[in-house]
Amino acid sequence: MTDGHQSGRDAVVIGGGLAGITAALALADAGVRVTLLEGRPRLGGLAFSFQRGQLTVDNGQHVYLRCCTAYRWFLDRIEGTALAPLQDRLDVPVVDVDKPEGRRLGRLRRDALPVPLHLGRSLATYPHLSLADRAKVGRAALALKGLDLADPDLDSQDFGSWLTAHGQSARAVEALWDLVGVATLNAVAGDASLGLAAMVFKTGLLSDPGAADIGWAHVPLGELHDRLARKALDSAGVRTEVRTRVTSISTDENGAWTVQVPGETLRADAVVLAVPQREAHDLLPEGALDAPENLLRIGTAPILNVHVVYDRKVLEKPFFAALGTPVQWVFDRTDASGLREGQYLALSQSAAQDEIDEPVAVLRERYLPELERLLPGTRGAEVTDFFVTRERTATFDPAPGVGRLRPGARTRAPGLYLAGAWTATGWPATMESAVRSGVSAADAALSALGRPRPSHLFDVEEAA
Ligand SMILES: Cc1cc2nc3c(=O)[nH]c(=O)nc-3n(C[C@H](O)[C@H](O)[C@H](O)COP(=O)(O)OP(=O)(O)OC[C@H]3O[C@@H](n4cnc5c(N)ncnc54)[C@H](O)[C@@H]3O)c2cc1C
């Protein structure tokens with residue numbers, strides 16, 4: 001691009017996570033010549049796979065919901081939909097091991113009734129809540145449904161206090177609200193912004209009956225976010241460079257952008273900065289944001305995954321959630337990982353601040369006995385592999401007040417746009433948020449470049 005730069009045609013996207021891949025595809029589909037630069041040796045950012053001997057391992061279990069329309073658009077665009085199917089109907093087995101009588105299985109499921117009755121039957125028979133709690137959950141759900149997501153006050157309150165004020169007992173928070181909320185927000189209710197929590201629960205559980213049906217990759221994440229994404233980028237004509245870390249961006253006297261990577265200077269009419277908030281802060285040219293220091297005030301939150309391979313099958317279901325134990329969600333990763341014998345389980349532990357730095361031996365001592373309580377079949381089984389993956393900055397911290405720190409796609413610097421799950425999409429740090437941000441950045445760039453938006457591009461509603 002250094003030589004062939006033609007005004008109005010060239011864009012550089014920095015960061016090959018889902019936000020950057022999306023922005024690159026959207027811009028290329030509109031006829032813009034795009035270069036995508038990624039510092040690591042692969043695309044996919046925070047949602048990736050690696051090899052461990054024969055095993056293909058995801059850095060962390062990822063799920064999405066039917067209401068994640070942007071991520072579903074993305075899957076479609078990379079021709080990956082069939083590889084990450086959705087459940088026909090929401091069905092979450094929830095095992096409680098903290099009962100005098102031993103293990104107890106409950107289910108969160110929906111039936112064919114309209115919202116909110118679609119969850120009514122399941123809640124009415126949910127054994128992990130008392131009758132009184134079940135009735136109060138229904139009332140809180142209706143109150144949540146009535147919240148206006150556009151009200152900025154919601155972001156300054158915490159979800160836990162709101163739940164208490166709406167009659168939710170500690171048990172209801174643990175067995176229902178946090179069961180879903182910790183996995184989707186990456187914080188317990190008391191630490192989470194009411195605005196983000198309301199967004200998740202309203203959209204997922206209280207909008208459309210099928211909204212919370214769960215989907216997940218039946219192949220390694222890298223197959224989708226690296227291989228298929230790369231294939232789609234190649235066919236769209238995007239020049240993709242991995243192992244290429246951007247060191248600075250600036251404008252020249254004509255307002256054209258210069259992007260510096262080791263050994264090359266790229267020129268562009270538009271730049272999309274789709275890197276994490278701290279990296280964005282460090283690369284942003286002066287004056288690009290009114291309050292760039294806000295980016296550094298957006299905290300981060302860790303997710304730990306505990307991986308256990310058994311010599312035999314110990315779990316019949318594809319996944320379940322757990323109560324009365326430190327174990328949160330357990331997924332069967334056997335087929336996706338390529339394991340031929342035995343079973344490979346991944347435990348997804350969100351809001352893992354207290355455990356993220358624990359040595360593997362400590363985590364092994366803690367989690368293997370818990371799995372024995374949850375899954376009796378593990379008791380006679382041999383553990384053939386045990387390891388952990390730690391993502392210290394898995395998501396932005398969804399704390400109250402975070403909403404006002406998240407910038408939109410446009411900056412004050414003409415031709416420079418921001419993307420990333422942490423930008424102002426209205427969503428918590430999810431794949432959905434990342435894809436939405438990429439679409440918003442591409443939309444803003446296309447309108448400034450005077451180019452029509454491709455008709456198949458996902459439509460982003462204005463963030464709350
Ligand atoms: C363990 C774990 C579990 C998760 N579970 C879920 C889940 O179940 N469901 C869900 O929806 N979401 C989940 N998430 C969140 C989801 O993965 C992220 O929100 C999303 O992938 C973020 O995408 P992004 O493109 O915004 O950012 P990133 O993925 O962070 O991408 C940014 C990219 O920029 C690159 N980069 C940085 N600096 C430079 C530079 N100077 N030059 C070039 N490149 C640079 C980085 O290498 C990176 O590839 C999970 C995350 C983790 C870690």
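Just a few scattered comments:
- Number of positions in region 238-278 that are surrounded by 18 or more Cβ atoms within 10 Å (Cβ to Cβ) and part of a helix (DSSP H, G or I): 1
- Test: residue in region 185-195 that is in contact with a helix residue (DSSP H, G or I) (Cβ under 8 Å, 6 or more places away or on another chain), within 23 Å of GLY106 (Cβ to Cβ) and in a loop (DSSP other than H, G, I, E, B): yes
- Which listed residue is of a type in the set (Asp, Glu), within 28 Å of THR56 (Cβ to Cβ) and more than 14 Å from the ligand (Cβ to nearest atom), from ASP252, ASP335: ASP335
- Test: GLY204 is touching a strand residue (DSSP E or B) at 6+ places or on another chain (Cβ under 6 Å), in contact (Cβ under 8 Å) with a residue 12 or more places away in the chain and either assigned by TED's automatic domain parsing to the domain that holds VAL137 or loosely packed, with under 15 Cβ neighbours inside 10 Å (or both): yes
- Of all residues in region 8-36, exactly one satisfies the criterion of being more than 11 Å from the ligand (Cβ to nearest atom) and of a type in the set (S, T, N, Q), namely THR35.
- One residue from PRO285, PRO302 being within 16 Å of the ligand (Cβ to nearest atom) and either modelled with pLDDT under 95 or in the same structural domain as THR244 (by TED's automatic domain parsing) (or both): PRO285
- Taking region 38-55 as the range and being surrounded by 19 or more Cβ atoms within 10 Å (Cβ to Cβ) and either within 11 Å of the ligand (Cβ to nearest atom) or assigned to a loop (DSSP other than H, G, I, E, B) (or both) as the test, the residues that pass are GLU38, LEU43, GLY44, GLY45, LEU46, ALA47, PHE48.
- Region 56-73, residues that are part of a loop (DSSP other than H, G, I, E, B) and either of a type outside the set (D, E, K, R) or within 8 Å of the ligand (Cβ to nearest atom) (or both): ASN59, GLY60, GLN61, HIS62, CYS67, CYS68
- One residue stands out among those in region 74-124 that are acidic (Asp, Glu) and not in a helix (DSSP H, G or I): the one that is surrounded by the most Cβ atoms within 10 Å (Cβ to Cβ), which is ASP96.
- Only one entry of LEU363, LEU375, LEU368 meets the criterion of being farther than 23 Å from ALA170 by Cα, within 16 Å of the ligand (Cβ to nearest atom) and among the aliphatic types (A, V, I, L, M), and that entry is LEU363.
- Count of region 260-275 residues which are in contact (Cβ under 8 Å) with a residue 24 or more places away in the chain and more than 28 Å from the chain's Cα centre (by Cα): 7
Listed here are the residues, each with its yes/no results for (1) within 25 Å of VAL173 (Cα to Cα); (2) modelled with pLDDT of 95 or more.
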{"position": "TYR64", "(1), (2)": "yes, yes"}
{"position": "THR69", "(1), (2)": "no, yes"}
{"position": "ARG77", "(1), (2)": "no, yes"}
{"position": "VAL92", "(1), (2)": "yes, yes"}
{"position": "ASP98", "(1), (2)": "yes, no"}
{"position": "LEU119", "(1), (2)": "yes, no"}
{"position": "ALA124", "(1), (2)": "yes, no"}
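- Test for ALA135: is it out of contact with any helix residue (DSSP H, G or I) (no Cβ under 7 Å at 6 or more places or on another chain), under 27 Å from PRO100 (Cα atoms), part of a helix (DSSP H, G or I) and modelled with pLDDT under 95: yes
- Scanning region 406-464 for residues that are assigned to a strand (DSSP E or B) and away from the ligand (no atom under 11 Å from the Cβ) yields a count of 3.
- Among the residues making up region 378-393, those that are away from the ligand (no atom under 16 Å from the Cβ) and of a type in the set (A, V, I, L, M, F, W, C) are ALA381, VAL383, PHE386.
- Sub-8 Å Cβ pairs linking a first residue in region 364-389 that is over 18 Å from PHE320 (Cβ atoms) to a second residue that is of a type in the set (S, T, N, Q), at least 6 apart or interchain, are VAL388/ASN305; THR389/ASN59; THR389/ASN305, ordered by first then second residue.
The values are calculated or read from the model by the stated rules, or taken from the named source; none is laboratory data. Note that the coordinates shown come from a computational prediction; the quantities given were computed from them, not determined experimentally. When we count neighbours, we look across all protein chains shown, and the Cβ atoms used for this are built from the backbone with ideal geometry, even at glycine.
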